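Data block below; observations after.
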Amino acid sequence: MNLELIGRTGTAESTAGLPAAIPTGTLEKLSLGGEEQDGDSDAAEARLAGFPPGSTLAPLLARGKPVGLLVLGPRQDGERYNRRDRIFLETCAEQAAVAMENARLYEEETEKERLQQELDTARRMQMAILPERKPEIPGIDFFAYLSPATEVGGDYFDYKLLDDGKLVFIVGDVSGHGVSAGTLVLMSKSCIFNQLRTNHEVEQVMVAMNEMVYGALAERLLMTFCYVIFDPAAGRLIYSIAGHPFPYHYRAAEGTMNELDISAYPLGVTRKTSYQTAEVDFAPGDVFVFYSDGIVEAMNPEKEQWGFERFEQVIRAGVDQDAESLSASILREFDTFRHDVPEDDDVTLVTIKIK
C-alpha cells in the first residue's frame, strides 16, 4: 500500500518535483528518525522519500503510527531550513495528525450509527409482518416463537386459514442480514398471499416463490423455505421443502420421531426448477416441530453447537405437553446451554400438536 499525495501548495516550480505517492515502508523509516535533525539529515530524508534536495518533512503520527507526511519543498531563496523551521513544521504535523485521527474516528462512528439504524429498521420490518395471533383451528394446537439476532437475519413464519378448513403454514430463512434480508421477507409475504388467492397447491406456491426470490433484488439472496398444508379433517399433511432444516414429526401411537425429509436447493438458486411434494398422516397426540438453523447451530461459551441430538432429546422429553409448554421447555434448555453467548442468527421455533 502506498501513501498518495492529497494536497500541496506553492509555485509550479517549487512543487513540480514532489512525488505523487510514497511507499509506507519508507514512511516508517522516516518516522523513526531522532528528535534532533540538521541539514544533512533533512537532505537524507528528502532523498529517501523521493523529494527534491532542500525539502524538509515531518511525519504525521496517530497513536504512534505513521499515517502521512507534511512536507515543505525547497526554499525559493535557496537557503536551507533552520531548526526553528523544522520545529514549526513538526508542530503543524502534530496538529494535522490529531485532526486526521479525529476525522477518522468521526467517520467510523458515523458509519457504525448508520449500520445500527439499518439493523433497527430491518428488525422492525421483520417483526411487523409476523402474525399477531396464533391460528384458532379445531384439532390443532399451535405455538410460534421468533427471536431476531443481534445482526438481523431473515427468519420468517406465517400461516393462513383456508376456506375449506385447511391450515397453510410457512417457515423460511433468507440468507444475509440487514435491510436486504428484511426486504426479501416482505416481498415473500406479499408473493405467498397473492399466490394463495389463486392457487394454494404446494408445487404452484413453491415455483412462484422461487421465481420471485431469483429475480427480486440486485443483490443475489437465497431463501430456505418450507410450505405445509394441514388438513385436520383428513388427518393429513402435504408439504415441500427447499433447503430448509427438516421438521420433526413425533407419532404418539408408535412413540417414534422422524424427519420430514425432501431434499431440494434453496429458493433463488436457479430461475426454473420443480419441487417435490410429500404427504404424511397424523393422529391425536402427534407433534410437529419446525425450526430454523439458528437453534441447532447456536454455540455455548465452549464453542460447542447445541446440535440436533440435544434438540431431539428435549423434544422427546416434552411431547406430552401442549404446544406452548413444549416450546417453553425447548427454549429453556436452549438458553441454559447457550448461557450468555449472544445470538448471531435468528431463532425460530414452531410447535404444532394434534389434539
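The values are calculated or read from the model by the stated rules, or taken from the named source; none is laboratory data. In this text, all values refer to a predicted model and were calculated from it rather than measured experimentally. Backbone-built Cβ (ideal geometry, glycine too); neighbour counts: all protein chains shown.
Just need a number here: residues in region 299-320 that are free of Cβ contacts under 8 Å to residues at least 24 places away in the same chain and either surrounded by 15 or more Cβ atoms within 10 Å (Cβ to Cβ) or not small (Gly, Ala, Ser) (or both).
Within region 299-320, the subset free of Cβ contacts under 8 Å to residues at least 24 places away in the same chain is 302-305, 307-309, 311, 313-314, 317-318, 320.
Filter again for either surrounded by 15 or more Cβ atoms within 10 Å (Cβ to Cβ) or not small (Gly, Ala, Ser) (or both), leaving 302-305, 308-309, 311, 313-314, 318, 320.
Count: 11.
Scanning region 288-314 for residues that are in contact with a helix residue (DSSP H, G or I) (Cβ under 9 Å, 6 or more places away or on another chain), under 14 Å from Phe246 (Cα atoms) and part of a helix (DSSP H, G or I) yields a total of 5.
The residue that is nearest to Leu105 (Cα to Cα), among those in region 66-76 that are in contact with a Ser or Thr (Cβ under 8 Å, 6 or more places away or on another chain) and assigned to a strand (DSSP E or B), is Pro66.
Based on what the data block shows, is Ala233 touching a Gly at 6+ places or on another chain (Cβ under 7 Å), aliphatic (A, V, I, L, M) and closer than 18 Å to Val287 by Cβ? Spell out how you get there, then give the answer.
Numbers: touching a Gly at 6+ places or on another chain (Cβ under 7 Å): yes; aliphatic (A, V, I, L, M): yes; closer than 18 Å to Val287 by Cβ: no.
Against the criterion (touching a Gly at 6+ places or on another chain (Cβ under 7 Å), aliphatic (A, V, I, L, M) and closer than 18 Å to Val287 by Cβ), Ala233 does not qualify.
All of (1) at pLDDT below 95; (2) of a type outside the set (A, V, I, L, M); (3) in a loop (DSSP other than H, G, I, E, B) hold for Gly285 with one exception: (1). Taken over region 299-321, the criterion of being β-branched (Val, Ile, Thr) and in contact with a strand residue (DSSP E or B) (Cβ under 8 Å, 6 or more places away or on another chain) is satisfied by Ile315, Val319.
Out of Val296, Val350, Val269, one residue alone is touching a residue at least 24 places away in the same chain (Cβ under 8 Å), under 22 Å from Ser147 (Cα atoms) and surrounded by fewer than 19 Cβ atoms within 10 Å (Cβ to Cβ). It is Val296.
No other residue among Asp85, Asp163, Asp158, Asp173 is more than 19 Å from Leu217 (Cβ to Cβ) and either buried (at least 16 other Cβ atoms within 10 Å of the Cβ) or aromatic (Phe, Trp, Tyr) (or both) apart from Asp158.
Of the strands (runs of 3 or more DSSP E) contained entirely in region 184-266, those carrying at least 1 residues that are surrounded by 19 or more Cβ atoms within 10 Å (Cβ to Cβ) fall at 223-231, 236-242, 248-251. When region 149-169 is filtered for residues that are of a type in the set (A, V, I, L, M, F, W, C) and either modelled with pLDDT under 90 or not assigned by TED's automatic domain parsing to the domain that holds Tyr227 (or both), the ones remaining, listed by number, are Ala149, Val152.
Within region 195-213, residues that are not assigned by TED's automatic domain parsing to the domain that holds Tyr265 have Cβ atoms under 7 Å from residues that are of a type outside the set (Lys, Arg) in no pair, counting only partners at least 6 apart in sequence or on another chain.
Quick one: would you say Gly73 is surrounded by 16 or more Cβ atoms within 10 Å (Cβ to Cβ), at positive phi, more than 43 Å from the chain's Cα centre (by Cα) and not assigned by TED's automatic domain parsing to the domain that holds Gly178?
In short, no.
Within region 92-178, considering only strands (runs of 3 or more DSSP E) that don't extend past its boundaries, which have at least 2 residues that are touching a Lys or Arg at 6+ places or on another chain (Cβ under 6 Å)?
Working: elements: 140-147, 154-161, 167-174.
Filter on region 92-178 gives 140-147.
Output yes when any residue across region 135-147 is out of contact with any strand residue (DSSP E or B) (no Cβ under 8 Å at 6 or more places or on another chain), of a type outside the set (D, E, K, R) and not assigned by TED's automatic domain parsing to the domain that holds Leu69, and no when none is. Checked against the condition, which is being out of contact with any strand residue (DSSP E or B) (no Cβ under 8 Å at 6 or more places or on another chain), of a type outside the set (D, E, K, R) and not assigned by TED's automatic domain parsing to the domain that holds Leu69, region 135-147 yields at least one hit.
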